[in-house]
Amino acid sequence: MDSMKREKQLKISSETVYIFAPLAHRMGLYAIKTEFEDLAMKYLEPDIYKDIARRLAESRRERTRYINEFIKPIREQLEKSNFNFEIYGRPKNIHSIWNKMKTKQVAFEEVYDLFAIRIILDSTPEKEKEECWKVYSLITDEYTPSIERLRDWVSNPKANGYEALHTTVMGPRGKWVEVQIRTKRMNEIAEKGLAAHWKYKEGTATENRFDKWFQQIRETLNNEDPDSVNFLQEFKSSFLTEEIYIYTPKGDIKMLPAGSSALDFAFSIHSAIGAKTIGAKVNHKLVPISHKLSSGDQIEIITSNKQKPSEDWLKFVVTAKAKTKIKDALKEEKNRLQTKANTLYKGSWKVWA
């Protein structure tokens, strides 16, 4: 990259941030994802990159002291409870820190979680969930947690197979610290992504969320839009964004990309249901099919046999499946009307003749 022209550096870096880093993230390849982001930022925002790297280097000694101070009481409690574990601190990557500075509109000194503490347990599969929550309890007994910052991917793993408990707690001297709790198996999946996913799947016939997500990608690639820009945008919005968790009336969980509408949910159940959707009940309240869903919503779809997809529907769906099925239905309807018109034309020609 250093020997390339500026235009080429910007092109490759933009592609990396837009497609390849999110794809690595969704495939569970977090080490590659963070390396992609930092390398791209080095060329997209060189001055900011150098400034944050310098500040991180200058504060390394102080950060190490603080991490050791934070870890000490937790280590004692874990040893007392006879856990077999590893615990260490790691700095956030430069791109992640820059994102926080932009979204929160704060200076480097005000980014509260410049580093994360990771606890990796050596647990048996049947005790993983129980032991992760026990460790969470030990940490929150020692430090006050931020309720809004609890992320439970142990009970509800991400579509890419990622499992962990994340919490942010108030550490010594009023500093917020992110703590990640996982087992060795979870950590291997987080670090090695696909390779570990297939390793732990061997010998089991069950299809998990990752398999379903991968199957959806296969279907989308088979129905590739001839317009490559449209295809890339749809691929990104359907598969590379964060997920939201939606509940069916029976309490089953479905995962959709953030920004999904009630109609996206209907098509995710079945294309025939999506095509007949006239409305929905979200948390027991009637809403239009364009209603944007939020994580935790419970939704019931309302259908009618008289309903047909219209072109307007394409304006408020984000998933590739919904867009493809709507376009297919519109094309079928257009072909049907054309066939009907041709038949009428031939019939009227015969009468005239």
- Among helices (runs of 4 or more DSSP H) entirely within segment 1-96, at least 2 residues that are over 28 Å from the mean Cα position of the chain (by Cα) and over 30 Å from LYS134 (Cα atoms) occur in 6-15, 46-58, 60-80
- Message: Six or more apart or on different chains, Cβ atoms under 9 Å: show the pairs whose first residue is in segment 255-269 and within 14 Å of LEU314 (Cβ to Cβ) and whose second is open to solvent by less than 10 Å² (accessible area, probe 1.4 Å) and of a type in the set (Ser, Thr, Tyr).
- Response: LEU263/THR277; PHE267/THR277
- Go through (1) out of contact with any helix residue (DSSP H, G or I) (no Cβ under 6 Å at 6 or more places or on another chain); (2) under 19 Å from ILE181 (Cβ atoms); (3) touching a residue at least 40 places away in the same chain (Cβ under 8 Å); (4) open to solvent by less than 50 Å² (accessible area, probe 1.4 Å) one by one and return the number of the condition PRO73 breaks. (1)
- Out of segment 108-144, which residues are open to solvent by less than 40 Å² (accessible area, probe 1.4 Å) and part of a loop (DSSP other than H, G, I, E, B)? VAL111, ASP113, LEU114, SER123, TYR143
- Query: Of all the strands (runs of 3 or more DSSP E) wholly in segment 250-324, which have at least 2 residues that are open to solvent by 20 Å² or more (accessible area, probe 1.4 Å) and of a type in the set (Val, Ile, Thr)?
  - Reply: 299-303
- Message: Consider segment 43-70. How many of its residues are open to solvent by less than 80 Å² (accessible area, probe 1.4 Å) and under 22 Å from LYS100 (Cα atoms)?
- Response: 17
- Task: Could you list, in sequence order, all residues of segment 152-184 that are of a type outside the set (A, V, I, L, M, F, W, C), open to solvent by 40 Å² or more (accessible area, probe 1.4 Å) and modelled with pLDDT under 90?
- Result: SER155, ARG173, GLY174, LYS175
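The values are calculated or read from the model by the stated rules, or taken from the named source; none is laboratory data. Treat the numbers as computed from the prediction; the structure is a model and nothing was measured. Cβ: placed from backbone, ideal geometry, glycine included. Neighbour counts: every protein chain shown. The area values use the complete protein model at the heavy-atom level, side chains included, leaving out ligands, DNA and RNA. Shrake-Rupley method; radii C 1.70, N 1.55, O 1.52, S 1.80 Å.
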